Amino acid sequence: MQLLQILLSGIAQGCIYGLIALGFVLIYKATETVNFAQGELMMLGAFIGLLAFAGWGWPLAAAVLLAVVVMALAGVAVERAVLRPILGQPAFAIVMVTIGLGFVARGAVTMVPNVGTETFALEVPYRFSTVNAGGVVIGVAQIVVIAVTALLCAVLYALFRYTRIGVAMQASSQNQLAAYYMGIPVKRLNGIVWGLSAAVAAVAGLLLAPITFVHVNMGFIGLKAFPAAVVGGFGSLPGAIVGGLVIGLAESLAGFYLPEGFKDIAPYVVVLVMLWLKPNGLFGETARKKV
Amino acid sequence: MRFIFKTHYDQDLVLFKHAGARWSYGALALILLLAPWLLSEYLLSQLAFICIYGIIGLGLMLLSGYTGQVSLGHAAFLAVGAYTHALLVGAGWPFVLSLAVAGTLSAAAGVIVGLPALRVKGIYLAIATMAFGFIVEEILARWESVTGGNSGKQVGPPEFFGYKLVSTAEFYYLCLVIAVLATLGVLNLLRSPTGRAWVAIRDSEVSAQSMGISLARYKTIAFAVSAFLAGIAGALYAHKLRFLSPDQFTIIQSIELLLMIVIGGLGSVHGAFFGAAFLISLPQAIVWLRDYLPDSVANATGLQPTVFGLILIVFILYEPFGIYGRWFKLRTYFQLFPFYRRGLFRRQRAFQKSERLK
């Protein structure tokens, strides 16, 4: 019974990692850029939701919608302003730009008076309520996390599978140049992917907010989502969620069975083992360059 | 204008490309030697810091700038060097021996971290090194009997045969000597077949391999040398701060080191020192800037990372070769005077090349 409890909290935590990793993977798949500012996008999303919900007293649904829409627009704007000019430059340069964006986002929020250095709680109605199912106590917040993750996965799956724009994104991610020749507006797609990814990040931030707190450094959880993305295989959407679950479970199991301190490094140990055994991850594609 | 007519292949390998370089580097050496008389105590101690960060930058430049392997765990090598040196010096070992052991141990760690580099590349490698960095950070915090844990560890001044280097000037000279030796060593390595092999690996692994370069061997060497330099710098860092704690060696430190070489100019030895100078002088510049800003902005704690991030973005967008790139253009302007034209260094428009199939 206790094991079940640990597994459940691991899965809920893993869903958060998975959602952030999903953001990485979306951008990586479409543009081959790794966005180191994903955690910061999540933080911004959580702050916007908090502002609307607690500050302006909006209903929760409206606040969530606002956060998602604003972040999606922000994602598009960032792509247009900063990433498009250096399209085609080495991946290293682009990664550095996203790190710079993360610094700016974190620093800028810190500078907001009375907000930046404080820690807030998002007082959603379900925050402390629990469900007792046959001896296993589950927080409603955790159930919400799991449910929303599942829903979001289904939506993204449908988007990529059935819509024109999704198919175009798939094409662009497989071969950008060929997609361009086929008349797919690759640049605009990249913008949309950034918007989508930022929206997913905002959802992750809003889901995480009731479980932990909203503060400037909550974006550092993104560093734990990297292992999730790698374990799943960096280019795979289902891989991101599975990787997130693996990392979340490993973390909560290590936290319970192993001495103190192992909980924090468990994701990294898992990722090192994974890179050693299967460098392309669980669902990653293996491809060799032919010369 | 200056023309260099090469009449012998050895001229490709000489340290000073022309007589003017001898003079300018000689002048630089003279200024650095006279610095204790020219600068205030505080500036001198900052200069020592620049030397230390320059050594780390050199190592990271070898790895990321010349071999093309990204490391997000360099603070861990710094930590290995710093703690090893602190422990050994604390146990009464002579300085030079302890420094060598610190460097070697760090290099050994580098070889271990380099192992995944033989199989993975790009972002996967960055994450593997990041994972290593986190694990080392946790070990530092938990292994209290050796590292002192989160309460930290005191380090004394460097000591040579009973003589303690306590003054700022003495310590500055120590850092300067080691930095110069490291620079010469790195320059020599880069002129040797090893350095050429690194550059070949950076530019294309497939073609390097087809030319008979053993990827495993040269990547491992790159990691080892890079970590060695970081270890040496770590030892100096320990003496400089006199106090070590795990929160000096976090992922943020690793990222800042990487930003340092990017801003300095990737793929140039100058860049390592330009970047170090930038990293050290930025907080000073911000303190100075505070007087001119409105209070609400000036006193905010987030000002420094914001400025840092903005500068980084601006550099990558407009000057991808960093401060060195600016310097190079300025120099070219004067060398070609009056024939320099604006489009000389214009970046080519490129479409994205897939790195997944590299």
Worksheet, complete the sentence: The correct pair for the stretch A:159-291, radius of gyration to one decimal and Dmax as a whole number, both in Å and from Cα atoms, is 17.8, 57
Worksheet item: For the protein assembly as shown, can you list the cysteines whose C-beta has no other cysteine C-beta under 4.7 Å from it?
Response: A:C15, A:C153
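Take every Cα pair under 8 Å in chain A that's 6+ residues apart, average their separations, divide by the length, and report that relative contact order as a whole percent. Spell out each step's value before the answer.
Details: 468 pairs, mean separation 105.0, N = 291.
Reported relative contact order: 36 percent.
Dividing the convex hull volume of the Cα atoms of the stretch B:16-120 by its residue count, what figure in Å³ per residue is obtained? Mind dumping the intermediate values first?
Working: hull volume 15.7 nm³, N = 105.
Per-residue hull volume (Cα only) is 150 Å³.
Using the Cα centre of the stretch B:31-250 as the reference point, and only Cβ charges (+1 on K/R, -1 on D/E), how large is the resulting charge dipole? Debye, rounded to the nearest 20.
On the way: 12 positive and 9 negative charges, 100 e Å.
In debye, rounded to 20, the stretch B:31-250 gives about 480.
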Worksheet item: About its Cα centre, what dipole magnitude does the stretch B:1-148 give when the only charges are +1 on Lys and Arg Cβ and -1 on Asp and Glu Cβ, stated in debye to the nearest 20?
Response: 520
Practice prompt. Treating the Cα atoms of the protein assembly as shown as identical point scatterers in vacuum, please give the log10 of the normalised Debye intensity I(q)/I(0) at q = 0.07, 0.09, 0.12 Å⁻¹, two decimals.
Written response: -0.48, -0.79, -1.39
Fill in: Peptide-level mean, for A:109-120, of C-beta atoms on other protein chains within 10 Å
3
Fill in: Share of Cα-Cα pairs in chain A lying beyond 36 Å, as whole percent
14
Response to the item:
With the charge dipole of the stretch B:31-250 built from beta-carbon charges (+1 for Lys and Arg, -1 for Asp and Glu) about the Cα centre, the Cα from B:A126, B:A108, B:T220 projecting farthest to the positive end belongs to B:T220
Worksheet entry | Where labels lie 7 Å past Cα in the beta-carbon direction, separation of A:L73 and B:L181 in nm | 6.0
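Okay, helix-only estimate at 222 nm for chain B: each DSSP H run of n ≥ 4 adds -39500 (n - 2.57), divide by all residues, round to 500 deg cm²/dmol; what do you get?
Working: 15 runs with 243 residues, N = 358.
Here the helix-only value at 222 nm equals -22500 deg cm²/dmol.
Starting from the eigenvalues of the Cα gyration tensor, five times each then square-rooted, give me the equivalent ellipsoid semi-axes of chain B, largest first, whole Å. All intermediate terms of the calculation are to be shown ahead of the outcome.
Working: eigenvalues 199, 138, 109 Å².
Square roots of five times the eigenvalues give 32, 26, 23 Å.
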Worksheet item: Which of the peptides A:231-238, A:83-90 is most tightly packed, and how do the rest follow, judged by the mean count of other Cβ atoms within 10 Å per residue?
Response: A:231-238, A:83-90
Fill in: Filter on B:K219/B:K240; A:K29/A:K278; A:K29/B:K219; B:K6/B:K329 - keep pairs with C-alpha separation over 29 Å
B:K219/B:K240
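For a quick check of your reading of the filter: which chymotrypsin sites (Phe, Trp or Tyr not before Pro) in the stretch A:114-147 sit in a DSSP loop and have no more than 12 other Cβ atoms within 10 Å?
Values: sites: A:F120, A:Y126, A:F128; in loops: A:Y126, A:F128.
Within the stretch A:114-147, the qualifying chymotrypsin sites (Phe, Trp or Tyr not before Pro) (loop, at most 12 other Cβ atoms within 10 Å) are A:F128.
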Worksheet item: Once both labels are modelled 7 Å past Cα along the beta-carbon direction, what's the B:N150-A:W56 spacing in nm?
Response: 3.9
Worksheet item: Can you give the mean number of other chain Cβ atoms that lie within 10 Å of the Cβ atoms in peptide A:263-274?
Response: 4
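How many Cβ atoms of partner chains, on average, are near each residue of B:130-140 if near means within 10 Å of its Cβ?
Neighbouring Cβ atoms belonging to other protein chains average 4 per residue here.
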Worksheet item: How do the peptides A:137-143, B:201-207, B:171-177 rank, highest first, by the average count of neighbouring beta carbon atoms within 10 Å per residue?
Response: B:171-177, A:137-143, B:201-207
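Please get the size of the charge dipole for chain A, origin at its Cα centre, with Cβ charges of +1 on Lys and Arg and -1 on Asp and Glu, quoted in debye to the nearest 20. Before the final figure, lay out the partial values.
Numbers: 15 positive and 9 negative charges, 196 e Å.
For this selection, approximately 940 debye.
Any read-out appearing in this document is the output of simple, stated calculations on the displayed coordinates, not a laboratory observation. Keep in mind that this is a model prediction, so the values were computed, not measured. Every residue, glycine as well, gets a Cβ built from its backbone with ideal geometry; the counts of neighbours run over all protein chains shown.
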